[in-house]
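Each remark here refers to the structure printed beneath this line.
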Amino acid sequence: MPEEATAAPEPDVFGRLYFEDMPVGARWVSPRRTITEADVVAFAGVSGDFNPLHVDQVFVEELTYGARIAHGNLVLAIASGLRQQMPIFRGSLRALLEYRSWKFLAPVFFGDTIVVVTTVIEARATKRSDQGVVIQRVDVVNQDGETVQSGELVSLVASKEAG
């Protein structure tokens, strides 16, 4: 699993950070979470995606993976939730503007435990003084230290002036 967060400024009394607190290089590691069969079954029901890769053990035993895998979009959704469990974005995140170059690099199996590593790679002011745009590299990492998903998130973040 990745090291704890580094290079991050001190949050306010509520644990959140603002645009000014997110310099390039700031890094945070989310709490971890184990992906379960129940997660996959619930996601299949909500999404309607009952691909046998996710729900049919006999089918996947004949394939390369040999075991059922979690939906890529489920892992992305859980990664988003893990990021929101960190109070740094709670109350200061105005909008998610874009996912850039999101890649599904390796399968996630039932029982895998993931964390999300977020690193600020760009921060720029907007025309409005009460917010800025923060671009973050986001890596979803499993218990073996393997990056299973990766990409960039572009977010609109409130400034201290707005807080």
Considering (1) within 15 Å of the chain's Cα centre (by Cα); (2) surrounded by fewer than 19 Cβ atoms within 10 Å (Cβ to Cβ); (3) modelled with pLDDT under 95, say which one Ala162 fails and leave the rest. (1)
If a residue has to be assigned to a helix (DSSP H, G or I) and farther than 14 Å from Ala77 by Cα to count, how many in the range 23-46 make the cut? 4
Taking the range 48-88 and keeping residues of a type in the set (Lys, Arg) and outside any loop (DSSP other than H, G, I, E, B) leaves Arg83
Quick one: what pairs do we get from the range 93-114, first residue free of Cβ contacts under 8 Å to residues at least 60 places away in the same chain, second in a loop (DSSP other than H, G, I, E, B) and of a type in the set (Phe, Trp, Tyr), C-beta under 8 Å, 6+ apart or different chains? Pro107/Tyr65
Within the set of pairs 6+ apart or on separate chains, which have a first residue in the range 141-163 that is within 16 Å of Asp112 (Cβ to Cβ), a second that is modelled with pLDDT under 95, and C-beta atoms under 6 Å apart? Val141/Pro2
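How many residues, within the range 125-149, are surrounded by 17 or more Cβ atoms within 10 Å (Cβ to Cβ) and not acidic (Asp, Glu)? Before you say what the answer is, go through the steps one by one.
Restricting attention to the range 125-149, the residues satisfying the condition of being surrounded by 17 or more Cβ atoms within 10 Å (Cβ to Cβ) are 131-142, 148-149.
Now narrow it down to the ones that are not acidic (Asp, Glu): 131-138, 140-142, 148-149.
Going through the range 125-149 one residue at a time, the tally reaches 13.
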Residue selected from the range 88-136 under the condition among the acidic types (Asp, Glu) and at pLDDT 95 or above, by the criterion farthest from Ile35 (Cα to Cα): Glu122
Based on what the data block shows, is Gln84 closer than 27 Å to Phe19 by Cβ, surrounded by 19 or more Cβ atoms within 10 Å (Cβ to Cβ), touching a Leu at 6+ places or on another chain (Cβ under 9 Å) and not small (Gly, Ala, Ser)? no
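The values are calculated or read from the model by the stated rules, or taken from the named source; none is laboratory data. What you are looking at is a predicted structure, and each value in this text was computed from that prediction instead of being measured. Heads up, the Cβs are rebuilt from the backbone with ideal geometry, glycines too, and the neighbour counts pull from every protein chain shown.
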